[in-house]
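Where a number appears in this text, it was derived from the coordinates with a stated rule and is not lab data. On a predicted model such as this, the values are computed, not experimentally measured, just so you know. Glycine gets a Cβ as well: all are built from the backbone with ideal geometry, and neighbour counts include every protein chain shown.
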Amino acid sequence: MTTPPNLVHRFVPALALGIALLAVLEWGLPAAGIPAYLLPPPSRVIIAALQPEVRLAYHTIATAGAALLGLAVGTLISFIVAVAFLFSRPLEDALYPWVLLGQSLPSVALAPLLTIWLGEGLAPRAAMAALFAGFPLLIATISGLRRPAPEQLAMMQAYGASQWQILRMLRLPAALPFIFSGLRVAGALAVIGALVSELAGAGRGLGYLITTSTYRLATDRAFAAVAAAAGLALALHGGFLWLERTIVYWERDR
C-alpha cells in the first residue's frame, strides 16, 4: 500500500504562487500608477482588515453561520430527495425535471424575494445558501447511491437483505466519496449563496460589508471582506477534504 501524499506538500506550490502574486501586486500597482481607491495593494487590505471599526471577524462569523446552516439544510434535503428518487423511479421522473428547472432560474434574483418573505435575519441568508448548495449535493448523492454494481445488489438480495439494509450497508458506503466531493463544491457555493443574500439586503455579514464599503469607496475594506469570504470557502473545502480522508479511508490510495 502506498503512502498518501502529504496535503501540506501538495499545497506548497499554490502557496508559493500566491505569495509571488501578492508581491507583484504590492509593488506593481503603485509603480503602474493605479490609484489605491480603485485597486489597493495587499498591505492596505491587510491594514483595513485589522482595523477594529471594520469588524471583519464579526461579519465573517455571521456569513459562516448562514453558510453552515444553509449547507446543513441543503445536505439534509438533498439526501432525502436522493433516497426518494432511488426507491421510486416514477417520483424521480415526475420531480427531476422540476429540480432542473429550479436550478436554471437565476438564484440571484430570488435573494430580494427571500428577504421580503423571510425578513432580514439569518433565515433568508441560510435559505439562499441552501439553494446554492443543494443541487450539486443532490446530483452527487444520486450518482453515489447508484454506484454499486448489479452483482453486488443481487448478492445482498440473495441473502435476504431489505432495501433499507442494502442502503445502509452497501449503497451509503459506496456513495460517501461522491457525497464528500459534492460537499467540497457545495461548501464554497453555500458561502456564495450567503454573500448574495447579504448583498441583496442584510444588516451584517461579509456581503453587507462589501456593499457598505463600496458605497464609501473604501475598496481596501471591500477587498478584505472578499479575502475573508475566499478564506472561508477554502476552510470549508479543506475541512471536508480532511473528513473524507478520515472517514472514507478505503479511498485514500485512489
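What whole-number value in cubic angstrom gives the convex hull volume per residue for the C-alpha atoms of segment 1-104?
229
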message: Place a point 7 Å from Cα of residue 22 in the direction of its Cβ. Which residues in segment 48-64 have their backbone N less than 15 Å from it?
response: 48-50
task: Mind jotting down the distance between the C-alpha centroids of segment 36-79 and segment 158-221, whole Å?
output: 15
field: Packing-based ranking, highest mean first, of 113-120, 92-99, 142-149 given that Cβ atoms within 10 Å are counted
entry: 142-149, 113-120, 92-99
statement: FRET efficiency for residue 164 and residue 108 from the Cβ-Cβ distance with R0 = 41 Å, rounded to 0.05, comes out at 0.55
query: Which values of log₁₀ I(q)/I(0), to two decimal places, follow from the Debye formula for segment 164-254 at q = 0.19, 0.20, 0.24, 0.26 Å⁻¹ with a uniform point scatterer at every Cα?
result: -0.85, -0.89, -1.10, -1.20
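Just add up the charged neighbours of residue 212: K/R +1, D/E -1, any other residue whose Cβ is under 12 Å from the Cβ of residue 212.
Once positives and negatives cancel, what remains is +2.
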message: What does the charge count around residue 133 come to, taking other residues whose C-beta lies under 15 Å from its C-beta (Lys +1, Arg +1, Asp -1, Glu -1)?
response: +2
- prompt: Taking only Cα atoms, what is the 0 to 90° angle, nearest 10, from helix 206-215's long axis to the longest principal axis of the chain?
  reply: 30
query: For the chain, what value does the Rg/Rh ratio take when both radii are computed over Cα atoms and Rh is the Kirkwood radius, given to two decimals?
result: 1.06
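What order do you get for 179, 247, 19 when you list them from fewest to most C-beta neighbours inside 10 Å?
Working: 179 24, 247 13, 19 10.
Fewest-to-most Cβ neighbours within 10 Å comes out as 19, 247, 179.
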statement: Summing -39500 (n - 2.57) over every DSSP H run of at least 4 residues in the chain and dividing by its residue count gives a helix-only mean residue ellipticity at 222 nm, to the nearest 500 deg cm²/dmol, of -26500 deg cm²/dmol
statement: Length gained, residue 212-residue 151, 0.36 nm per residue minus C-alpha separation, equals 16.1 nm
task: Report, in debye and to the nearest 20, how large the dipole of segment 40-251 comes out about its Cα centre when Lys and Arg carry +1 and Asp and Glu carry -1 on their Cβ.
output: 180
- prompt: With Cβ to Cβ distances under 13 Å as the rule, what net charge do the other residues near residue 224 carry (K, R +1; D, E -1)?
  reply: +1
- prompt: In whole Hz, what ³J(HN,Hα) sequence does segment 118-130 give by Karplus (6.51, -1.76, 1.60; θ = phi - 60°), x for Gly and Pro?
  reply: 10, x, 9, x, 6, 4, x, 5, 5, 5, 5, 4, 5
field: Per-peptide average of other Cβ atoms within 10 Å, ordering 54-63, 184-193 highest first
entry: 184-193, 54-63
